[in-house]
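This report refers to the structure that appears directly beneath it.
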Amino acid sequence: MAPSVDATAVNFYTKKDFEGDKFPYSIGDDISVPTDLNDKFLSVNVGVAAKVIAWQHYNSTGIYKEWTGENPDISEIEGLSRFKVVDNDTRAITFIFKDATGGADKQYSLKLNAADVGTILIYSNDGDDYHLVGIMPSGGPPVVTAIYVRDESTGVYIATGSVFFQWNSASKQVDIVESDNWPPQLKYERSGPSSFIVTLIDNKPSE
């Protein structure tokens, strides 16, 4: 059993099963793990009011995980470099990027400049892992994120625009609200309360 932890606190440990040195954090912390601790955290105990959003690499790429409660072994992230401690009811908005135009795997990239997350680059048909593109507290304000699609084989930007995320208080989900700035070369479908499959349906650049 893990040692007790305050509701809004998070305790990381340098060994599995909550052993080793303890490093405490709390809601609101956005941490780039110091060099001497990079990849050293191996377990985490998260308070009931908190959630940890974690990345394998400093630039918010690589493996992405969310942790709540007791986590005696977090080696699945293959080395923790950055994390945020947020309220437990915060939604992590995630995308997977598919290509329906017949291009080669990873021929197209989807780039988003996401508030609170940073610049995210997702390649087409690059596995089945979802990528974090934003976070939104329950009932939180809308989030607008710039979005770009690039043909990596030519360097040409096929589409530029923005995506508008909004909290739906009735369904307790994050919605994408379409606007004139949503690129027409893309379509999306919901795959979870705050997860979406984004598909490239036209590789003709915008005029």
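General observations
- The test for being touching a strand residue (DSSP E or B) at 6+ places or on another chain (Cβ under 7 Å), more than 24 Å from Val144 (Cα to Cα), in contact (Cβ under 8 Å) with a residue 24 or more places away in the chain and of a type in the set (Val, Ile, Thr) does not hold for Val85.
- Qualifying residue in the stretch 81-94 (condition: part of a loop (DSSP other than H, G, I, E, B), within 28 Å of Pro34 (Cβ to Cβ) and either more than 13 Å from the chain's Cα centre (by Cα) or not hydroxyl-bearing (Ser, Thr, Tyr) (or both)): yes
- Matching residues in the stretch 111-142 - criterion: being in contact with a Leu (Cβ under 9 Å, 6 or more places away or on another chain), assigned to a strand (DSSP E or B) and β-branched (Val, Ile, Thr): Thr119, Ile120, Ile122, Val133
- Odd one out for Ile93, checked against (1) exposed (fewer than 15 other Cβ atoms within 10 Å of the Cβ); (2) farther than 22 Å from Gly155 by Cα: (1)
- Within this structure, Lys106 fails the test of being assigned by TED's automatic domain parsing to the domain that holds Trp182, touching a Leu at 6+ places or on another chain (Cβ under 8 Å), over 15 Å from Ile176 (Cα atoms) and at pLDDT 90 or above.
- Applying the set (1) under 24 Å from Ser171 (Cβ atoms); (2) free of Cβ contacts under 8 Å to residues at least 60 places away in the same chain; (3) surrounded by 15 or more Cβ atoms within 10 Å (Cβ to Cβ) to Lys111 leaves exactly one unmet item: (1).
- Members of the stretch 45-63 that are in a strand (DSSP E or B) and either loosely packed, with under 14 Cβ neighbours inside 10 Å or in contact with a Pro (Cβ under 9 Å, 6 or more places away or on another chain) (or both): Asn45
- Residue in the stretch 190-198 that is more than 16 Å from the chain's Cα centre (by Cα) and modelled with pLDDT of 95 or more present: no
- The stretch 34-44, subset of a type outside the set (Asp, Glu) and in a loop (DSSP other than H, G, I, E, B), residue modelled with the lowest pLDDT: Asn38
The values are calculated or read from the model by the stated rules, or taken from the named source; none is laboratory data. Bear in mind the structure is a predicted one, so any value in this text is a computation, not a measurement. Note: ideal-geometry Cβ built from the backbone for every residue, glycine included; neighbour counts use all protein chains shown.
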